[in-house]
Structure formats: C-alpha cells, structure tokens
Amino acid sequence: MIAYNKTWLQNLIIREQATEAYAENCIDKEELQRINEQHPSLFYSPNIFVRTGLFLLTFIILLFSFGLIALLFSDALDNALGGLAIFFGLLAYAALEWMVQTKNHYRSGVDDALLWIAAGCFFGGVCYLADVGETGNCLLVFFISLYCVVRFTDRVMSLMAFIALVGFFFFISSKSGNTLKAIVPFILIAISAGVYLFCVKAKQVAKAVLYAECLQIMMITALIIFYGAGNYFVVRELSNEMFHLNLADNEQIPFGWLFWIFTFTIPLIFIARGIQEKDTILIRVGLLLIAAIIVTVRYYYNFAPVEIIMVISGILLLIISYGLIKYLKKPKYGFTRNESISTDLKEMETIESLILAETFSQVPATSNATKFGGGDFGGAGSSGEF
Amino acid sequence: MDIKLFEKLYFAQIISANSYARVKLVTEKKLHSLHWEIKTLLYLGVLLLSGGLGVLVYKNIDTIGHQAILLFIALVCGGSFFYCTKNKLSFSNGKVNAPNSFFDYVLLLGCSSFIIFVAYLQYQYNVFGNRYGAATFFPMLVLFFSAYYFDHIGILCMAITNLGTWLGLTITPLHILNSNDFDNSRIIFTGLLLGTLLLSTGWITYHRNIKKHFEFSYTNFGVHVLLISCFAGMVHFSIIYLLWFLLLTGICYFFYRKALQEKSFYFLLIITLYAYTTLSYVFIDLISRIGGFGLGDVYLSFLYFIISAIGMVMFLIKTNKKFKTS
C-alpha cells in the first residue's frame, strides 16, 4: 500500500528510538552504531531547509510546465482546461511514483510538491468538468486525500481527508429535512468522537505504526472539531448564517443552555483527562480551548473592555505559571517542569527569539511615525491574542 | 521509548542486557515534561499583560486614571528589573543560562513595559522634544544593555529591530517587505548601512568571543537586510542595475562560502533563494528590454523558469551531498 520502502520506514523509526535511547544514556555508542548498521534507511530525505528549497523549486517547475502546456492550447483553453488539468495531475503523479520508487525520495520537498500538485490538479480538473456541488466536492477531496494518506503517509493530507469528511456530513445533513438540520452539531460531535476513538484504537495496532503521525494529526483535529461543533459561538453564528434564523442580537438559539455547558466544560474535561492519562495532546488542546471559552463569552457579554481582560488574564497566566514552576520544583504525579532530553534546545531558542522580535517589537512610535516609516502605533504587541 | 522494540534488539544480541535494563528503567520512570506548556503560558501572559497595558494607557490619556496606570506600569517595569538583577547569575562573555524559565519572561515583561513607559512619556510630556530619534534611541540602548547583561537572545532580537526602527526601517521578520517603501534611495542606503553594520557586529561577536551565541541573530538580520536592500537598489536604480547585480552576486557568493564552511543549511537555503530571485529578475528584465515581451518571449521566460529551477534543484541536492561528505 505504501509507496515508500516499508522496511526503511520501519528502520527509520528504530533509528529514532535508538538515538533517543542514546541521548538518555541507556545504550552506548557502539550499540547505537550497531543498530544503525543493521537497520539501514537509504531514503533521500534532506534537512528541513533544503526540503523547503526543493519544495519551492519543484513547485515553480510544475507551475511553469503547466503554464507552458496551457499556452500551447491557448486557443481552446476553455474547453481543454479540465482535461488538461487532469492530464497534468496524472503526469505529476507518475513523476511522483518515479521519484519515490527509483530515486528513493522521502519527504525531500520534491515528493511533497509533486503530491500536492498532482492531487490539486486532479481535483481541479474533475471539479471543472463535472460540476458536482459542495457535497460532491467534499466527497471528491475526501477520496483523493485518503488515497494520498494511505499511499504516501502525508500528514497534511490526513487533515484534508478528515475535514472533507466532516464537510460532507455537514452539507448533506444541512440540506436535508428539518430534523437533521437541527441535530447537525450532534452529528459532527459524534463523527469527531468516532474518529478520535478510531485513532486511539488504531495507534495500538502494530501495523499502523507507519501511520502514527497521520493519526496524531487526526486526533488533534478531532478534538478541536469536537469542541467547535458544540461551541456556543460556532453553533449560533453558523446556524444563523446557514439556516437563516434571523436571530436578534441577544436572542438565544434553541437549547442554548446545552451548548453553553458544552462550551465551558469540554476544555476542562480535556485537561483533566490529559493530566490523568499523561496525554500531551489532550493537555495542549485543552489549554488552547480555554482561550476559546474566554473569546466566546466576551463576544456575547461585554463585561469589560478588551484591554482590561488582557491585563487581568496576563497577570493570571503569570501567576499560574509561576505557581506551576514552584509546585513542580520536584516532580509530582509523573510531571516535571524540566525539559525532556530529546528536544533540541538551540534551535528552539532561535525560533523563540524570532517570535519575540516579531510580536514585541512594534515600537509605539509617536508623532514621527511617518517620518520614520515604520512602527505601528499603539503599544507593544497590542495586536494581542484576543 | 518502545520497550518491545528494545526487547527484540536485546534478543537479537544487538544491545546488552545492561542496556536493555536501563531502557526499561528509564521508560518506566519517565517523567512527563510540562516545560513548553509552561513557557507558552508565560509568553502569553507577558504578551497579554504588556499589550493590555499599552492599550490601556493610550485609551485613558487625559483622564484621572491614567496616572495610576502609569504608576502601575512603572511598578511592573521596576519590579521586573529588580527581580532580574537579584536573581541573575554573574556575567560572563560566554553563555550564561537563566536561573529558571520564569526569569526570561520577567525580563521580557520589564523590557516591554519600559518601552511603553518611554513612549508614553514622549507622547504626553514630550520629554525628548522634537528629537524623535531619542525616543527610540533610548529604549534601544536599554534593550541592548539588558540583552548582554542578562544574556537573552530574544531581547537582543528586539534590540536589533529597534535599531532598525531608529534608523527608519522596519526589520521584524514578517514586516520587512511590506512595511518599508523600498522604492526610495534613502531607505536603500540605510538598509545597506544597517546590514553591513549588523554583519560586522556579528563577525566581531564571533571572533572576539563576546557572547558568541549572539552571532547568529546579528548575521541573520544582517543578511536579510543587506540582500533585500541590494535587490531594491537593483530595481530602483535601473540604469546602473548591473552594478548592483554584481554586488549582489558577490555577497551571495561570500555567504555561500560561509554556509559551506559552517555547514549551515539555513544560510544555504536563503542564499539560494535570493540568488535565484535576482537571476530571474535580471533575465526577465533583459528579454523584456530586447524583445518587448511578445508571445515568443513568454514562451522563452516559461522555459527559463523550468530549466533554471531544475538547475537549482540539482545545485541544492549536490551541495547537500557536499555538506554530508565533507
């Protein structure tokens, strides 16, 4: 099923584990070398920067090749465009298979670009020829990206497949009768819960180990969609928009209280479960969704100006994290505040420093703003998170 | 770590019984790290607090409350710097680690609230009069000083962007292209100057061994500012653009050698992209000057992009191999 050499993929995982074990001082250097020798992986997968460069360049090549072909047919482009796109998609796909099977490219940027162009062109072409509407398009995206996931274990494609699936059920149930319309949120909640549970089960299957990263992406998405489908803001505004309820500004939706409860409790449940199970995904998604609670409440109840909320929540966050640091001075319940060994400190520090420069450096210039041609007015990082 | 895997490796006699036991022990005792979660919370806390204070002060100008707010900002700023001075480890020319992760963010809070404070003083009381430069110069000094004194790369990057602002350039990573009017010879020459200044500072930092780990930040900002200014110069002074083209090629070649020497994939990538953009610009410019861009020229330029990009791919792959073997 997988286009890449499966043994090498498995060896890659073994090598990663061995490197981690070496970093934790569990195995010595000779053992690490022996493991690497006995588990070769001859993929061409350059480092992230070269990968980015190769991705961009391959993209340029394909873009202009398509342009060149389109130019040749420029007289009858309207009729030919759909067929041309499908043809080009298939061509890119053939190139992709060739790069993967004979040139052993694996996440090299070249195969990423070819995969996306092939899938995109194929979808665009079919879409152009057979105008199938929203539901059909979702289904089409779902099958194309599912194929890409199964054959190329691409993480972003798994995200696409999942979103297309959710979109399909959303459109199909919102277009049919009134009863289905009313329970759209619950349908989506059920689907994302189902996908999440499926991923949890699938992760334990030994054969699925090569799809572990795809499953992880899908689990994160499932949690977010699960919450989004029941979030008061999303439900109210979306159903207002889609089903033309024409709600007044402070009018509640039917079963509004239910969605309010959902909005408040789900993030807390995620975090609690995450702490219980020591599950990083649940904890992080839960923390993210806490922000969603605040934004949702603030949208409907204007109890204080934004800047006051920013100051108060800023102070609260600092106090909470200070408390956590003090509390976890010695590891408690299997949690520690210290870094795990495997993260690469230097790179993270550099990235962090650039983020700081980006978000904190909008110097509040005064009346000279035009003369000096820069610096947005209004407080460091006032473009904050709310 | 996956115990089953190491069990297999142990049975295959690839790792010793001792090692297997260690893997088992470490995995069972493995602690769950909340390091990055806490860091993110701290970062968001500082971002929200300083952002909120900044807006608060501007919204409340001319009301009674604003002096209280100002006092609060001063207290936050003073308190942060007091905490940092008290807890800091002693200064050295090498890398000094922060005593804890809270420290870094308190320093960040201190610096950002200081910037707000100075900006407010200028806005309300015109402390620096009409010498607007002083209003950005002063915070910049404080930022540079804090970066070195407390050893904080993030603050250093803020200081560098502030230096840019003082000279009239926006050089934050995402705004460098769209916030500057590069069709202006003053901006272009300022950029050249700033880029050269940053690069030479980076060089001195490294070779004099003063906070060696700061070198990357200087060089990174320097390369981008210098190359973008050069490119802008090439577009702006279109009559003598070959001169700028030569300059750009020279700089790119210099950094290509440097990237090879240091085995830096990052610099290899950005140099390749800058060089490629420049080359494409010159090519398109040439054929539009000669042929006036008819249909034949369109074909030609499309072919150029396909062939040149293939060439670039091969170049990248080859250089990548060179890195690995040397």
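The values are calculated or read from the model by the stated rules, or taken from the named source; none is laboratory data. Given the structure is predicted, the values throughout are model-derived calculations rather than measurements. Methodologically, a virtual Cβ is constructed for each residue, glycine included, from the backbone with ideal geometry; neighbour enumeration extends over all protein chains shown.
Quick look at the values:
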{"read-out": "In region A:289-303, the residues that are in contact with a helix residue (DSSP H, G or I) (Cβ under 8 Å, 6 or more places away or on another chain) and within 11 Å of chain B (Cβ to nearest Cβ)", "value": "A:290, A:294"}
{"read-out": "Matching residues in region B:1-56 - criterion: being among the β-branched types (Val, Ile, Thr) and touching a Gly at 6+ places or on another chain (Cβ under 6 Å)", "value": "B:55"}
{"read-out": "Any hit, region B:238-253, residues being modelled with pLDDT under 85, surrounded by 15 or more Cβ atoms within 10 Å (Cβ to Cβ) and assigned to a helix (DSSP H, G or I)", "value": "yes"}
{"read-out": "Of all residues in region B:47-65 being hydrophobic (A, V, I, L, M, F, W, C) and facing chain A (nearest Cβ under 7 Å), the one that is farthest from the chain's Cα centre (by Cα)", "value": "B:56"}
{"read-out": "Qualifying positions in region A:263-288 - modelled with pLDDT under 85 and farther than 16 Å from residue B:33 by Cβ", "value": "A:276"}
{"read-out": "Close pairs from region A:83-104: first more than 18 Å from residue A:7 (Cα to Cα), partner among the hydroxyl-bearing types (Ser, Thr, Tyr) and surrounded by fewer than 18 Cβ atoms within 10 Å (Cβ to Cβ), Cβ under 7 Å, at least 6 apart", "value": "A:85/A:128"}
{"read-out": "Checklist (1) more than 24 Å from residue B:199 (Cα to Cα); (2) touching a residue at least 24 places away in the same chain (Cβ under 8 Å) applied to residue B:278, failing item", "value": "(1)"}
{"read-out": "Any hit, region A:40-48, residues being of a type in the set (Phe, Trp, Tyr), facing chain B (nearest Cβ under 9 Å), surrounded by 15 or more Cβ atoms within 10 Å (Cβ to Cβ) and not in a helix (DSSP H, G or I)", "value": "yes"}
{"read-out": "Residue count for region A:304-338, restricted to those that are closer than 25 Å to residue A:269 by Cβ, more than 7 Å from every other protein chain (Cβ to nearest Cβ) and part of a helix (DSSP H, G or I)", "value": "6"}
{"read-out": "Pairs with Cβ under 9 Å, 6+ apart, first in region B:235-262 and touching a residue at least 60 places away in the same chain (Cβ under 8 Å), second crowded, with 16+ Cβ neighbours inside 10 Å and not hydroxyl-bearing (Ser, Thr, Tyr)", "value": "B:260/B:268; B:260/B:323"}
{"read-out": "Criterion: part of a loop (DSSP other than H, G, I, E, B) and in contact (Cβ under 8 Å) with a residue 24 or more places away in the chain - qualifying residue of B:76, B:106, B:96", "value": "B:96"}
{"read-out": "Selected residue (only one of A:70, A:92 is touching a helix residue (DSSP H, G or I) at 6+ places or on another chain (Cβ under 7 Å) and buried (at least 18 other Cβ atoms within 10 Å of the Cβ))", "value": "A:92"}
{"read-out": "Test: residue in region B:89-112 that is charged (D, E, K, R), away from chain A (no Cβ under 11 Å) and closer than 20 Å to residue B:216 by Cβ", "value": "no"}
{"read-out": "Count of residues meeting criterion [more than 8 Å from every other protein chain (Cβ to nearest Cβ) and either closer than 30 Å to residue A:315 by Cβ or in a loop (DSSP other than H, G, I, E, B) (or both)] in region B:13-25", "value": "1"}
{"read-out": "Residue under evaluation residue B:28, criteria (1) under 30 Å from residue A:24 (Cβ atoms); (2) facing another protein chain (nearest Cβ under 7 Å), criterion not met", "value": "(2)"}
{"read-out": "Any hit, region B:39-61, residues being farther than 21 Å from residue B:136 by Cβ and not in a helix (DSSP H, G or I)", "value": "yes"}
{"read-out": "Of all residues in region B:116-132 being surrounded by fewer than 17 Cβ atoms within 10 Å (Cβ to Cβ) and part of a helix (DSSP H, G or I), the one that is modelled with the highest pLDDT", "value": "B:121"}
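For (1) within 18 Å of the chain's Cα centre (by Cα); (2) at pLDDT 90 or above, each residue gets a yes or a no:
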| site | (1), (2) |
| --- | --- |
| A:115 | yes, yes |
| A:123 | no, yes |
| A:129 | no, no |
| A:134 | no, no |
| A:163 | yes, yes |
| A:175 | no, no |
| A:180 | no, no |
| A:190 | no, yes |
